Amino acid sequence: MLLRAAIVLLTIGVLFAVFCLVPPAEGLGYYVRLAFFHIPVAWVAVLAFLMSAYYGVRYLSKQELLLDRLSAASIRLGFIFVLLATLSGALFSKLTWGAYWNWDPRQTTIFVLLLIYGAYLTLRSALSGADRARRARVCAVYALFSFLTVPFLVFIVPRLYFSLHPQPVLNAAGHIDMEPVMLATLLAALLDATCIYLYFLYRGVKELPAGGKRHE
Amino acid sequence: MEIALQDVGQAYGERWLFRHITAQFRPGTITAVTGPNGSGKSTLLRICARLAAPVEGKVTVTEGERPLVKADYRERLALVTPELRFYPCLTAWENMSFLLGLRGQELSPACYSELLSRVGLQEARLRGVLAGSLSTGQRQRLKLAVLLASEAQGWLLDEPGANLDASGRALVMGEARKHAERGGLVLWATNDEREEAAANACIDLGRSEAGL
Amino acid sequence: MHASTWAGVKLVFRKEAVSALRFRAAWAAMFMFALTTLACVSLALSGARLAAPLAAALLWVILFFASVAGADRVFAEEDTSGTLLALRVYGGAQAVLLGKMLYTFVLLLALGVFTVPLFLVFLDMTVASPLLLAMACVLGLAGVAAAGTLIAALTVGAAANSGLFAVLLLPVILPVFLPAISLTAAAFGAGEASLAYLGGLVLYDGILAVGASVLFDYLWYEE
């Protein structure tokens with residue numbers, strides 16, 4: 001209860017900061033507000049993937065179904081966040097560079113993540129007939145196997161697409177000369193999104209392995 | 001090798017097949033697993049073979065003090081169950097030498113024909129015949145041949161007398177007895193009273209379910 | 001590798017090869033799929049020339065889906081014919097995985113040898129660097145074999161597993177797919193080939209094979 005109140009307060013604080021304190025950025029104007037939604041959501045999309053792989057490893061070594069449910073709940077939440085990140089990113093991209101999609105490195109990364117999340121959820125629903133231990137095992141193995149793409153996404157995609165799209169566009173967004181107030185707001189927004197994710201992750205597992213609700 | 005079940009239960013969806021099974025299987029004994037159709041005999045055998053995980057409870061396998069896990073355990077097992085199938089595109093000889101080869105055992109032609117005659121099959125009639133076109137009785141006898149050849153310590157038999165005539169069932173019983181005397185461990189799912197009587201111990205799944 | 005594992009790998013490989021020679025439907029479907037797609041593409045283009053990058057992408061899309069049609073059966077077939085149980089009881093995890101992986105690789109190489117020349121003929125492509133094309137194909141298909149064998153084991157017993165296999169395989173194989181396309185495009189004469197891609201492909205094939213080998217143990221022994 002206390003936790004929920006804290007998260008709500010933090011969210012209100014972040015919203016207030018985004019709409020009242022953050023000055024328009026040069027070249028971006030008030031579109032910069034979208035970044036305070038987009039960056040935290042994208043961060044959680046990545047975090048959820050790491051967490052699900054972590055719980056996958058723990059499941060394979062301990063075989064407690066709770067760990068499997070955590071891993072799956074993390075993927076379900078991550079799927080919502082990755083969708084939000086993709087949509088907000090496309091919107092941001094349209095507003096600033098004039099195209100919804102241009103396959104720059106980070107868009108590629110987030111898109112691969114979206115594919116992995118989707119594949120995991122499809123696999124899980126296709127295995128609903130199998131016994132739970134087997135489903136848990138198979139899902140954990142897939143979460144870990146798809147995790148092998150991470151070095152590729154981090155080290156190779158930027159190079160691969162750098163050569164095809166010479167202008168490193170999105171990086172500019174993250175590294176605009178940050179004023180202290182913007183940096184603080186961004187950090188608060190990151191914290192807020194992480195808390196929302198963790199809250200739904202553990203709450204969802206405590207009650208039922210259901211998908212998390214939207215919360216903003 | 002010793003297999004211990006501790007409070008094992010298996011469920012399909014909401015329905016418990018069996019629960020609270022605690023038992024120990026020791027070398028040199030034949031344990032019968034009995035119960036009506038659908039009481040979970042085959043499932044219990046699969047759990048004992050660690051081919052499936054139980055919903056609750058634990059299966060531990062030890063040899064002396066050492067726990068046997070994964071390949072170490074599986075290498076010591078041989079199964080005869082209705083679900084066991086041979087590769088339909090391979091001949092009897094190819095099937096047998098493949099399966100035994102995976103265990104690192106070389107099957108010599110002499111050994112092969114001796115095994116076949118031990119289980120009542122004629123080598124000449126199997127030559128060049130793909131396993132897919134063998135009769136059910138022949139396939140059952142071929143499974144027994146693989147079991148005998150495997151040198152496995154633990155035998156998990158699921159209705160091994162199925163599809164066999166009287167002489168075939170007597171053969172199974174005799175071989176199981178001999179295996180137990182050599183210090184092997186036999187788990188035997190059956191509905192046949194004579195086979196049950198030949199066992200040293202018995203787990204009745206029908207009764208354990210009634211106790212829920 | 002352990003000597004006995006290697007013996008097991010050879011046994012599994014030989015078993016797969018003998019079964020495939022006696023029961024041709026599995027791989028015949030794969031080759032026919034490749035041929036049909038190629039013919040479709042060629043007809044649709046009706047003789048128009050394709051730019052090198054586009055042709056490279058097209059070639060890999062055909063190779064990917066054709067290999068999906070062949071590689072997804074490697075465990076499913078054992079499951080439907082009921083032989084998976086015998087294999088699980090008698091075969092060690094690594095022997096089975098690596099044997100099947102090797103077989104899949106050889107099968108996919110045959111697919112490549114069949115498809116690529118036909119593709120070149122149908123679409124009237126000129127190859128600037130045949131060696132580079134061959135290397136891109138071999139390394140790309142090796143990645144598909146490495147990842148595909150593990151994914152095929154995951155989809156055993158899953159409902160609707162034919163579409164599922166491609167869905168699961170694609171994100172994992174992208175790191176192989178994209179450099180392979182770039183290299184193929186370079187082999188068709190578009191830009192310079194980067195040796196880094198070649199190295200990356202080799203590295204990633206290795207990562208996939210090792211990852212599959214480590215994870216497969218958990219699928220084979222359920223404890």
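Each value in this text was obtained by applying a stated rule to the coordinates, not by laboratory testing. These numbers come from a predicted model, not from an experiment. All Cβ positions, even for glycine, are placed from backbone atoms using ideal geometry, and neighbour counts span all protein chains on display.
Evaluating 6.51 cos²θ - 1.76 cosθ + 1.60 at θ = phi - 60° for every residue in the range B:52-63, the Karplus couplings come out as 9, 9, x, 5, 9, x, 9, 10, 10, 10, 10, 10 Hz, glycine and proline recorded as x.
For chain C, the longest principal axis of the C-alpha atoms and the axis of helix C:161-187 are separated by about 40°. Distance from the alpha carbon centroid of the range B:1-24 to that of the range C:6-20 works out to 37 angstrom.
A Gaussian network model of chain C, with springs between Cα atoms under 10 Å, assigns the largest mean-square fluctuation among C:ALA25, C:ALA55, C:ALA142 to C:ALA25. Of the residues A:LEU9, A:LEU144, A:GLY129, the one whose Cα sits farthest towards the positive end of the charge dipole of the range A:2-207 is A:GLY129 (charges of +1 on Lys and Arg Cβ, -1 on Asp and Glu Cβ, taken about the Cα centre).
With the highest mean first, a sort of the peptides C:105-114, A:50-59 on other beta-carbon atoms found within 10 angstrom per residue produces A:50-59, C:105-114. Each residue, C:MET32 and B:LYS70, gets one label point 7 Å from its Cα in the Cβ direction; the gap between the two is 4.2 nm. Taking Cα atoms only, the orientation of helix C:25-45 departs from the longest principal axis of chain C by about 20 degrees. Considering only trypsin sites (Lys or Arg not before Pro) in DSSP loops that have at most 12 other Cβ atoms within 10 Å, the longest stretch of chain C without any of them is C:50-223. When the alpha carbon gyration tensor of the protein assembly as shown is reduced to an equivalent ellipsoid, the three semi-axes, largest first, read 52, 35, 17 Å.
Placing pseudo-labels 7 Å out from each Cα toward the beta carbon at A:SER125 and C:CYS40 gives an inter-label distance of 2.5 nm. The separation of the range A:63-105 from the range B:118-172, counted between C-alpha centres, amounts to 56 Å.
Overall, the anisotropy analysis places the range C:1-140 in the prolate class: the square-rooted eigenvalues a ≥ b ≥ c of its C-alpha gyration tensor yield a/c not less than 1.5, with a/b exceeding b/c.
Pairs with C-alpha atoms separated by more than 18 Å, drawn from the list B:LYS143/C:LYS100; A:LYS62/B:LYS70; A:LYS62/B:LYS58, are B:LYS143/C:LYS100.
If you take the square roots of the eigenvalues of the alpha-carbon gyration tensor of the range B:84-152 and sort them as a ≥ b ≥ c, do you get rounded (a/c under 1.5), prolate (a/b over b/c) or oblate? Judged from the Cα gyration tensor, the range B:84-152 comes out rounded (a/c under 1.5). With everything on Cα atoms, drop me the angle between helix B:136-149 and the longest principal axis of chain B, reported from 0 to 90° to the nearest 10. That works out to roughly 80 degrees.
Amide H contacts of B:LEU68: B:VAL61, B:THR62, B:GLU63, each under 5 Å away and 5 or more positions distant or on a separate chain (H built 1.01 Å from N in the peptide plane; Pro and chain starts excluded).
With R₀ fixed at 35 Å, the C-beta to C-beta distance from A:LEU191 to A:ALA99 puts the FRET efficiency at about 0.65. Between C:THR80 and B:GLN6, the distance separating the two model label sites (each 7 Å from Cα on the Cα→Cβ line) works out to 4.3 nm.
The calculated FRET efficiency for A:ARG134 paired with A:LEU50, based on their beta-carbon distance and R0 = 25 Å, is about 0.55.
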